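Read the structure below first, then the notes.
The values are calculated or read from the model by the stated rules, or taken from the named source; none is laboratory data. Since the model is a prediction, treat every value here as computed from it, not as a measurement. Here the Cβ positions follow ideal geometry from the backbone for every residue, glycine too, while neighbour counts run over all protein chains shown. With ligands, DNA and RNA removed, areas are computed over all heavy atoms of the protein, side chains included. Shrake-Rupley method; radii C 1.70, N 1.55, O 1.52, S 1.80 Å.
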4 protein chains.
Amino acid sequence: MTTVGFIGLGIMGGPMAGHLVKAGFDVVGYNRTAAKAQPLVEAGGRGAPSIADAVRDADIVAIMVPDSPDVRAVLAGEDGVFAHAKPGTLVIDFSSIRPDVTTELAEQARAAGFRLLDAPVSGGEAGAKNAALSIMVGGAAEDFAAARPVFDAVGKTVVHVGPNGAGQTVKAANQLIVASNIQALAEAVTFLRAYGVDLESALEVLGGGLAGSAVLNQKKGNMLSGEFPPGFRIELHHKDMGIVNSAAREAGVVLPVGALVAQLMASALAVGDGGLDHSALLRGVERLSGREGT
Amino acid sequence: MTTVGFIGLGIMGGPMAGHLVKAGFDVVGYNRTAAKAQPLVEAGGRGAPSIADAVRDADIVAIMVPDSPDVRAVLAGEDGVFAHAKPGTLVIDFSSIRPDVTTELAEQARAAGFRLLDAPVSGGEAGAKNAALSIMVGGAAEDFAAARPVFDAVGKTVVHVGPNGAGQTVKAANQLIVASNIQALAEAVTFLRAYGVDLESALEVLGGGLAGSAVLNQKKGNMLSGEFPPGFRIELHHKDMGIVNSAAREAGVVLPVGALVAQLMASALAVGDGGLDHSALLRGVERLSGREGT
Amino acid sequence: MTTVGFIGLGIMGGPMAGHLVKAGFDVVGYNRTAAKAQPLVEAGGRGAPSIADAVRDADIVAIMVPDSPDVRAVLAGEDGVFAHAKPGTLVIDFSSIRPDVTTELAEQARAAGFRLLDAPVSGGEAGAKNAALSIMVGGAAEDFAAARPVFDAVGKTVVHVGPNGAGQTVKAANQLIVASNIQALAEAVTFLRAYGVDLESALEVLGGGLAGSAVLNQKKGNMLSGEFPPGFRIELHHKDMGIVNSAAREAGVVLPVGALVAQLMASALAVGDGGLDHSALLRGVERLSGREGT
Amino acid sequence: MTTVGFIGLGIMGGPMAGHLVKAGFDVVGYNRTAAKAQPLVEAGGRGAPSIADAVRDADIVAIMVPDSPDVRAVLAGEDGVFAHAKPGTLVIDFSSIRPDVTTELAEQARAAGFRLLDAPVSGGEAGAKNAALSIMVGGAAEDFAAARPVFDAVGKTVVHVGPNGAGQTVKAANQLIVASNIQALAEAVTFLRAYGVDLESALEVLGGGLAGSAVLNQKKGNMLSGEFPPGFRIELHHKDMGIVNSAAREAGVVLPVGALVAQLMASALAVGDGGLDHSALLRGVERLSGREGT
């Protein structure tokens, strides 16, 4: 039986750890707020009081934490994975972080005798709950093969996209496209409303043609109702727009729309919409157009 | 047997007229370049030497021409529909033109005793050939009902979105979304290439999640190959970006991304890419990033 | 004594007509609201009850009205200049209008036996009152020479920039630069305030270096006080941003910043700031940043 | 006689150190490339083989190096100022670096017993040569007073704008305004050329009104000639756009134009114009408009 140490049992990590239990893994979970390990225990997994305890006997370590500094602490901290896991352990980092940090951590992992995959996911809370995540994996081909049973237990579309860092790079591109598509839809919705067009009919016919998208399908409900429960929060997408724009800058890639959408996302955060779903970019277009709540 | 006078037998109108013949309509077609009526005749329709001859005995008149002035000339010109068709004739304008011009022409039509529907389509040449167009229809409900057999013969998703002008407004929104989604994809592709990510794998996993879209599905081939045969030409989408931005300005709707994408589309035209498919926006991102043809 | 028929005695035209009286011209003024001719009469000029009466005996006709349709009506209307002035009369249009309309009207003028100069001005109400306007003149060199005494009576920097239309083109460029420089300053001011920097000191040192500009000198008072009495109104600058962006589009010139600033100006109008000075673009940056009235 | 240790004798620092000698200071200069100390020695100053030697007996230390890591190394490195200067020494950092790094270094300085002023300059090579720099100073009022004789020897407009970091914040705002004003001018110039307007006349009249600016005055020569010798290089302004956009992001300030201009600056670098003067943003507008070298 394969033992998985799972660090980070939040909205995403919690359900993912549960799916691993169902798939037959022995899962030892750790979360800073210990109470969040309870559902895992109820599902048949085990809780651990520290990262050290969670990873000490693990064959595979899985990580799902918010940001680059968190991953760095989990891996390279005093109480972390490199200090306490067995040499040779396969580490799967599901977090969405800066590609350059991933690359640097992968080198540290190698130097410390570990194997690391960056494996950020797309699909949100629903994808995590339904084991239907898209997973974009960077790292060595043999490590990807070894991790395959874990990926299959939590994901639907699983693709090895290149060496370490490539997974994060694809995730960054994903967030760029998603934010831009939401913004475009928000501008279109505001335009249609200003002209008094029946929005539900309009979105139906738009969804059937070249304007159709997963964003239109999944976010049109929020746009019609004017309510934006998360979902994926503005404040997290703001972090991600920072990642993709910084990485593009490093590589000399010019993102005219990406940079502008990052500003509009920053505006949503600045005016207090950070806790809403990212489809709340609509509210920004309405504010610019003097049409709040129309 | 219902007689349809069909004005404009080009890349879109030609196949559409053919589908009407197959659906049992008596189709009398007119095109400025007479040779373009030949396929219609071979399919069992009839050619006419003038608009007057095409519409004189028609129960329904269908129009598919490039731009606002063309529609105006076809309808209100000396040799046009208002002058030569029977009073009460139902006119279906499939062209994509300015919403305000449509509204004005619909009033002229009413004053002259005609009924007009604006019914712009989405789906391109392939949609026209496969009778799979999305059709966004503006006009009176009873006229929409009367035109339904014609729409069903050429379209797949057919929606009555409101009064006259609403069809064009939705089409304008469609073009806004499509252009923005292409640009976002183009920025993502350039970003991924700069980081050496395997693009085909990356697009596969992106297409499976929230970044997925009809644009990604239908345009990824062009972006992978770097060839941009039309399809829908930059120069036509440039016209459409003018329509949506002008209409938004009229209505006091602010389109930050829409305005920027319109500039990038204008740039594509200015540098000589006007005859390429709109997915050639990728070439603009590459030029800005000093990465032409990578 | 040279007789000048002056059409349009508003905030700009009124003081300009007064300066012409002081310079020794016989000025016959017309304004739609007749009361506005009163200051001219008190200054020694004459009022006329119609355009026809104002221009019938004029050697020179001067026009200062708001927009393209107004100029067209004044010149080519039934009661207009072409119908009632003497053949050969020199017409100076001080209005800021579309370059293509100016060009077209200049051709009509020639055909009707008149000579036309487009002579839009910069410098605002203060410039008009102090006879310190910058005047950008398009038209024939000999007409420019003939109009010189009029220009010298109302302006400080007077330059013949090319044939008909060139004056309006330069004015359009002027409005593009001014709006962009205001927006840049507004972004800088919001940035400095967010960091708690003493704004008055900061603007002093910024004004002394490469960031210095007429906009910074003339608008910093409004930005410091947060009050934006016009001056030049947002709604007029919005009209002008439409002119320059349309003209750029026609010529295939790409204005990334110009297009974005036009959207921000449109936003200012949409939220109800149209009657404020254009330096109120600052309020838009503050709204985007959740810092209204800071 | 006050002794100044001057670190960094490049294009800016070299002439500044020379002016200090002329003003009666005893200047001990250090540069990584030792030969660059030669002009200082010829002017009456002294060269030092290390930072330690340059600062050991200094009353004041002045620094003028390219970027944040350089300043950090000069101050906090093993061979650096904190390790070798006398406690209580006043340190003036003329470099343009990240405000947050300045703030952090100022704290380190205080902890190590030093007094630090951030004093970035505007005015370029010409300003350095002519002792006509604008200096924006952050730090304690008594330190500003103590440094005044140094500032007066090299600057013309010298303003104390706030506590540590404020100087860098104002410099960041300066660079935002300058880049945006250049871009606006570049768009206007391309627009005017496309319409065949005589550019020299147009810039004359534009410079006399509200569109006038230091950028227009100082950069119009480059724009007219199409040659862009530095001056201030694109690659340095690109660094600065990174600073201002990052700092704005940190503070929740939205810079729509600033973010877009940063992309256009990044594009100039990406296509190989990094070594040209920042007024070469004009070349980017020309490329977008298909009008290179017109």
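Once the C-beta distance of A:Val41 and A:Ala132 is scaled by a Förster radius of 25 Å, the resulting FRET efficiency is 0.55 to the nearest 0.05.
Does region D:1-150 classify as rounded, prolate or oblate by the C-alpha gyration tensor (a ≥ b ≥ c root eigenvalues; a/c under 1.5 gives rounded; else a/b over b/c gives prolate, otherwise oblate)? The shape class here is rounded. Summarising the strand pairing of chain D, around 15 percent of its internal DSSP beta bridges are antiparallel. Which of rounded, prolate, oblate describes the protein assembly as shown, given a ≥ b ≥ c as roots of the alpha-carbon gyration tensor eigenvalues and a/c under 1.5 marking rounded, otherwise prolate only if a/b is larger than b/c? Judged from the Cα gyration tensor, the protein assembly as shown comes out oblate (a/c at least 1.5, b/c at or above a/b). Think of the axis that spins chain D onto C; the D residue whose C-beta lies nearest it, and the distance in whole Å, is D:Ser213, 2. Here is the link list: C:Lys22/C:Lys219; A:Lys171/B:Lys219; A:Lys22/A:Lys220; D:Lys86/D:Lys156. Which ones come out longer than 24 Å on Cα distance? Violating the 24 Å Cα-Cα cut-off are C:Lys22/C:Lys219; A:Lys22/A:Lys220; D:Lys86/D:Lys156. For chain A, the membrane-span-like helix rule (DSSP H, alpha carbon extent of at least 24 Å along the helix axis, mean Kyte-Doolittle at least -1.0) picks out A:166-194, A:234-251; this says nothing about an actual membrane.
Largest GNM mean-square fluctuation among B:Gly272, B:Gly123, B:Gly29, using chain B with Cα springs under 10 Å: B:Gly272. In square angstrom and rounded to 100, what buried accessible area do you get between chains D and C, total over both, with the probe at 1.4 Å? Summing both chains' loss of accessible area gives about 5200 Å².
Site pair B:Ala83 and C:Glu107 shows an inter-label distance of 2.4 nm when each label is modelled 7 Å from Cα along Cα→Cβ.
Shape class of chain D from the Cα gyration tensor (axes a ≥ b ≥ c, square roots of the eigenvalues): prolate, since a/c reaches 1.5 or more and a/b is larger than b/c.
In chain D, the sites counted are GluC sites (Glu not before Pro) in DSSP loop states with at most 14 other Cβ atoms within 10 Å, and the longest stretch holding none of them, exclusive of the sites, is D:79-226. Close amide-amide hydrogen proximity is noted between C:Leu117 and C:Val91, C:Ile92, C:Asp93, each under 5 Å apart and 5 or more residues distant or on a separate chain (H modeled in the peptide plane; Pro and chain starts excluded).
Distances between placed amide hydrogens fall under 5 Å for B:Lys156 paired with B:Leu133, B:Ser134, B:Ile135, all partners being 5 or more residues away or on another chain.
So what is the relative contact order of chain A, in percent, for Cα pairs below 8 Å that sit 6 or more residues apart? Walk me through the numbers before you get to the answer.
Values: 540 pairs, mean separation 37.9, N = 294.
Worked out over chain A, it gives 13 percent.
A Förster radius of 45 Å, combined with the Cβ-Cβ distance separating B:Asp57 from B:Ser246, puts the computed FRET efficiency at roughly 0.75.
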